[in-house]
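Derivation of every value follows stated rules applied to the coordinates shown; laboratory data play no part. These figures come from a predicted structure and were not determined experimentally. No Cβ is skipped: glycine too gets one built from the backbone with ideal geometry, and neighbour counts run over all protein chains shown.
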Amino acid sequence: MPKYEIMLLVDGSLDKKNASSSISDLVKTINKSENFKLTELGLKDMAYIINGQNKAWYFQYNFETNIPNDIAEFRRLALINKSVLRHLIINLEKDYGHRAINNAKKVKISKMKAERFKEKQAKMKAEHEAYEKAHLELDEIKKEVTHE
């Protein structure tokens, strides 16, 4: 079952209670998922101003679901909700970051790519050495010709 992580930034001018209640419909769409976990990261300064706000309430949701309609509905509701400044939905199964090391298929592909890279490096090194050797031989022949 695919694992998802959602990060929400909610309007910082709201108090904590209003921020939580403003996103309650969003949570209802994914709350029925398995292994649902909500982490409230609190009120933080943002790196840049969004919609005239420089602070936002950060919420992180982790869950598993097989129903892509839940994700689409969450995205739709997040875009409609005016108190949501930004949202980010990540499918952790497709993530290429540090979590990808738990995915056996990605690890296998990565090892195959590393082996191909080493083979190409060895081939290029051999070609370079052959070029250098031929170049040295050519220099020796030129020296012999000029000394005669």
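Each Lys or Arg adds one and each Asp or Glu subtracts one; over the other residues with Cβ under 13 Å from the Cβ of Glu137, this totals -2.
Averaging the sequence gap over all C-alpha pairs within less than 8 Å and six or more residues apart, then dividing by the number of residues, gives the chain a relative contact order of 30 percent. Sorting 51-60, 4-13, 111-120 by their mean Cβ neighbour count within 10 Å, with the most densely packed peptide first, gives 4-13, 51-60, 111-120. Amide H contacts of Lys3 (H built 1.01 Å from N, in plane; Pro and chain starts excluded): Leu92, Glu93 sit under 5 Å, all sequence-distant by 5 or more or on other chains. Once the mean of 1/r is taken over each pair of separate Cα atoms and inverted, the chain shows a Kirkwood hydrodynamic radius of 19.8 Å.
Which of the residue pairs Lys17/Lys37; Lys28/Lys106; Lys120/Lys142 have a Cα-Cα distance greater than 29 Å in the structure shown? Please report the intermediate quantities before stating the final value.
Working: Lys17/Lys37 19 Å; Lys28/Lys106 33 Å; Lys120/Lys142 33 Å.
The pairs that break the limit, which is 29 Å between Cα atoms, are Lys28/Lys106; Lys120/Lys142.
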